[in-house]
Amino acid sequence: MRVDDLDEVVPTDRPEVVLLALVAPCRRRLLAYARPVDRYQYLILMGLCLLVTLPLELVLGARVYRQPKRLLLTMLAAAGIFVVWDIVAFAWDHWQYSSRYVTGWSIPGGLPIEELVFFLVIPICGLLTLETVRRLRGR
Amino acid sequence: MMGAYTTLTVVSVLGVILYELLLAKTGIFRQGSYWIAMAIVGFFQILVDGWLTKLSAPIVTYNESTFSGVRVFFDSPLEDFGFGFALVTLTMVVWDQLGRRAARRDEGSVRGDTPADSSSGQSG
């Protein structure tokens with residue numbers, strides 16, 4: 001079932017109704033209600049990724065953010081290629097983004113701003129993980 | 001026929017592997033830390049990608065005809081994991097290339113008297 005297929009919007013933000021909707025047979029109808037926060041869901045998810053990995057830099061000393069020039073160049077070269085892929089894939093209709101869960105802000109090429117954030121956040125999380133593992137294992 | 005997303009995934013995974021082995025040569029595939037890091041990244045990808053793709057409330061919906069149709073964990077297309085592998089690996093390889101270059105430069109400026117050291121520095 002795709003959320004976008006839902007047709008009826010139930011105007012409620014009463015938590016007990018939303019909770020009921022999760023188990024009730026009328027789930028399909030009730031879930032159609034979009035909370036205002038929903039459009040930030042993708043961005044919030046990305047924010048959580050950064051938040052969860054931040055201790056790797058601050059506590060475990062990954063030294064990724066502390067090399068801003070190297071990080072920036074890496075992002076431009078590596079992540080940049082995948083942004084191009086993403087724009088092409090989006091244009092070729094490989095995938096779409098639910099309007100419910102994105103802000104609606106987009107970059108030239110029609111890609112939601114969230115996708116650009118994705119290609120910054122995920123590689124950074126990867127680098128933080130790599131450098132932390134190296135550091136803990138003594139390289 | 002292979003879907004376009006499937007094809008692009010295979011091409012990018014092979015492309016990144018070949019880039020490392022033939023051009024970058026950072027030796028990252030021989031490092032245990034790389035594989036450990038990728039295992040950790042892979043675990044978190046299951047969660048994060050799952051949140052994006054779960055069919056009960058998908059943020060990203062896939063055109064069924066462009067991928068293999070195989071969905072794993074929380075409805076993530078199998079291709080996503082190739083995509084993730086290529087994205088994160090390429091990032092790490094470029095990161096190491098830039099680090100190696102910087103290390104070589106520093107080494108050169110500290111010593112001053114000798115030409116650039118030919119030993120590649122880190123491996124293993």
Checklist entry - To the nearest Å, what is the center-to-center distance of the range A:103-134 and the range B:1-58, using C-alpha atoms only? => result 15
Item to check | the range A:68-139: chymotrypsin sites (Phe, Trp or Tyr not before Pro) in DSSP coil with no more than 13 other Cβ atoms inside 10 Å | outcome: A:TRP92, A:TRP105
Checklist entry - Let a ≥ b ≥ c be the square roots of the eigenvalues of the Cα gyration tensor of the range B:1-45; is it rounded (a/c under 1.5), or, if not, prolate (a/b larger than b/c) or oblate? => result oblate
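For chain B, what is the calculated [θ] at 222 nm in deg cm²/dmol (nearest 500), taking -39500 (n - 2.57) for each run of four or more DSSP H residues and dividing by its residue count?
Taken over chain B, the calculation gives -20000 deg cm²/dmol.
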Checklist entry - Hey, what do the phi angles of the range B:44-50 turn into as Karplus ³J(HN,Hα) couplings, whole Hz, using 6.51/-1.76/1.60 and θ = phi - 60°, x for Gly and Pro? => result 6, 5, 4, 6, 5, 5, x
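Which shape class applies to the range B:37-112: rounded if a/c is under 1.5, otherwise prolate when a/b exceeds b/c and oblate if not, where a ≥ b ≥ c are the square roots of the Cα gyration tensor eigenvalues?
Details: a/c = 4.35, a/b = 3.30, b/c = 1.32.
Because a/c hits 1.5 or more and a/b exceeds b/c, the range B:37-112 counts as prolate.
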Item to check | Computed lengthening from B:LYS54 to B:ALA39, 0.36 nm per intervening residue step minus Cα-Cα distance | outcome: 3.3 nm
Checklist entry - Relative to the longest principal Cα axis of chain B, at what angle does helix B:4-18 sit, 0 to 90 degrees, rounded to 10? => result 20
Checklist entry - Counting only other chains, what is the mean number of Cβ atoms within 10 angstrom of the Cβ of each residue in peptide A:80-89? => result 3
Checklist outcome for this item: Under 19 Å by backbone N from the virtual spin label 7 Å along Cα-to-Cβ at B:ILE46, the residues of the range B:65-102 are B:70-86, B:88
Checklist outcome for this item: Taking a ≥ b ≥ c as the square roots of the Cα gyration tensor eigenvalues, with a/c under 1.5 meaning rounded and otherwise prolate when a/b beats b/c or oblate if not, the range B:1-83 comes out oblate
Checklist entry - On average, how many beta carbons from a partner chain sit within 10 Å of the beta carbon of a residue in B:56-68? => result 6
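Any read-out appearing in this document is the output of simple, stated calculations on the displayed coordinates, not a laboratory observation. Quantities reported herein were computed from a predicted structural model and do not represent experimental measurements. All Cβ positions, even for glycine, are placed from backbone atoms using ideal geometry, and neighbour counts span all protein chains on display.
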